[in-house]
Amino acid sequence: MKKPSLYELIKTAFYIGAVGYGGPAILVLMKKIFVLEKKWISEKEFMNSLSLAQVLPGAAGVSIMGYIGFKLHKLWGGILAPILFIMPATIVMFILAWAYFKFGNLAFIQSLFAGLGALVVALLINATSILSKSVFKKITYLDWKGVLISLVTFAGIFFLKLNAIWLILLSGLFGFIFFYFTHEFEDVKAKGGEVLLVESGTLNRDTLSIKDYAPVFIVILFFLSGLIVPDLRNIISAFAGIGTFSFGGGFAAIPLIQHQVVVVHNWLSVKEFIDGIALGQVTPGPVFITATFIGYHVAGLAGAVFATLAIFTPSLVAMILLADIHSRIQNLKIVKVIIKGILSGFIGLLLAVSLLFAFKSLFNWQTWMIFLMAIGWMMILKKNSLWALLGTIVLSLLIF
């Protein structure tokens, strides 16, 4: 395998972050560039990082970029590569947030966001469907426990207005109680009775010296500087908490973000939050990039930066700490059952937020038309959501 310079690594990370639209499409692009074209890592190493990212919270693409960066350039690469990866989306979102809060009251902007709000509802319904299919492979009577967990979280957030993070923790507990003592999940055993391992040690953690930890100290000092300012302290704690518990990635994180931002801190109205999610679809970054929009509204440029870094930091830390033992982690029965419970809970949360957004966004025949067309495009025709976004923008300007 070739080893690039740190500059080559972060330049490539920036490029992928700038052109990689479309969720899973970003992962395909990353594999194409890092494994097939540049041959910086092996396919096995890439798939190892992908498998671990599936059981960790946060955006998979950012976590994998952190793994690759650490593999190639230790902690400097593990920190700078994901930062450069999310930088294009962060810059675009910052500009969009500025324009939104400065010119958002203009008539044609209001028309545009009316259509985009309807699209967001369709995207959430589609995300709920995709997550449901991944959690419940085939809906049968055997899935009643997972469905019950979904119903509990739905009722908890929609009717009782309970804290979404506590509901996620409760879902994990239910997953353990419902599934651990059954035969639905079993550890992967080798002939000798040990957990079967993929070759690890690829990160060569034992070669790190004191100077290699310099970027860690810089990051710690950076966050400590933010904790001095009350608004930034609230932003850091809120988004670090979201990043810690956002299993399922992407749209599955929206209920957590919505609860913290709209309900707990009252930083945005429901409409502003929906508009922020819609703007996030315009950028090449993951759904988590909405943190930039929210942070900007609360505390300007500093708020945007701290919110963005805080929401991605937990998954990056987890990836670097756990990468060497990822095969043990993903094969442990207790991990499988807890993740099953948590993902089941996210289905209920997503459905609740979908309904809340629908009540706010589907208010006339135009929004219903855009919603139904988007649903047909993504769920029936199985087409890329990027074209649904572009179509919604054009249609909104024509029919409102």
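Surface composition of the chain: carbon plus sulfur atoms hold 70% of the accessible area, using a 1.4 angstrom probe and ignoring ligands, DNA and RNA. Listed by chain and number, the lysines placed with their C-alpha closer than 29 angstrom to that of Lys360 are Lys102, Lys133, Lys161, Lys271, Lys382, Lys383; residues fewer than eight positions away on the same chain are left out. Computed with a 1.4 Å probe over protein heavy atoms only, the accessible surface of the chain comes to 46 Å² per residue. Only helices enter the 222 nm calculation for the chain: every DSSP H run of n ≥ 4 contributes -39,500 (n - 2.57), and dividing by all residues gives -23500 deg cm²/dmol, rounded to 500. When only alpha carbons are used to place a centre, the range 365-400 and the range 257-311 end up 23 Å from one another. The charge dipole of the range 252-392, taken about its Cα centre with unit charges on the Cβ atoms of Lys, Arg (+1), Asp and Glu (-1) only, comes to about 480 debye. When the chain is treated as a GNM with alpha-carbon contacts under 10 Å, the residue of Thr313, Thr12, Thr292 showing the greatest mean-square fluctuation is Thr12.
Going by a ≥ b ≥ c, the root eigenvalues of the Cα gyration tensor, does the chain fall in the rounded group (a/c under 1.5), the prolate group (a/b larger than b/c) or the oblate group? Verdict is oblate for the chain.
What order, most packed first, do the peptides 60-70, 222-232, 168-178 have when packing is the mean number of other Cβ atoms within 10 Å of each residue? Please report the intermediate quantities before stating the final value.
Details: 60-70: 27.6, 222-232: 13.9, 168-178: 20.2.
Descending packing order for the listed peptides: 60-70, 168-178, 222-232.
Which residues make up the longest stretch of the chain that has no trypsin sites (Lys or Arg not before Pro) in a DSSP loop with at most 16 other Cβ atoms within 10 Å?
Values: sites that count: Lys2, Lys38, Lys39, Lys137, Lys138, Lys161, Lys191, Lys382, Lys383.
Answer - 192-381.
Ser5 to Ile399: FRET efficiency via 1/(1 + (r/R0)^6), r the Cβ-Cβ distance, R0 35 Å, to the nearest 0.05? After rounding, the FRET efficiency stands at 0.10. Between the range 1-46 and the range 77-119, the alpha-carbon centres lie 24 Å apart.
Summarising the label geometry, the points placed 7 Å from Cα in the beta-carbon direction at Trp98 and Val229 lie 1.6 nm from one another. Here the Karplus curve 6.51 cos²θ - 1.76 cosθ + 1.60, taken at θ = phi - 60°, turns the phi angles of the range 72-82 into couplings of 8, 9, 6, 6, 4, x, x, 9, 6, 4, x Hz, with x standing for Gly and Pro. With the convex hull drawn over the C-alpha atoms of the range 1-82, the volume per residue is 79 Å³.
Residue separation times 0.36 nm, minus the C-alpha to C-alpha distance between Ser134 and Lys211: what's the value?
Numbers: separation 77, 0.36 × 77 = 27.72 nm, distance 4.29 nm.
Between Ser134 and Lys211, full extension yields 23.4 nm more.
The values are calculated or read from the model by the stated rules, or taken from the named source; none is laboratory data. Owing to the predicted nature of the structure, the values given are computational and were not obtained by experimental measurement. Virtual Cβ from ideal backbone geometry, glycine too; neighbours counted across all protein chains shown. The accessibility values were calculated without ligands, DNA or RNA, using every heavy atom of the protein model including side chains. Shrake-Rupley method; radii C 1.70, N 1.55, O 1.52, S 1.80 Å.
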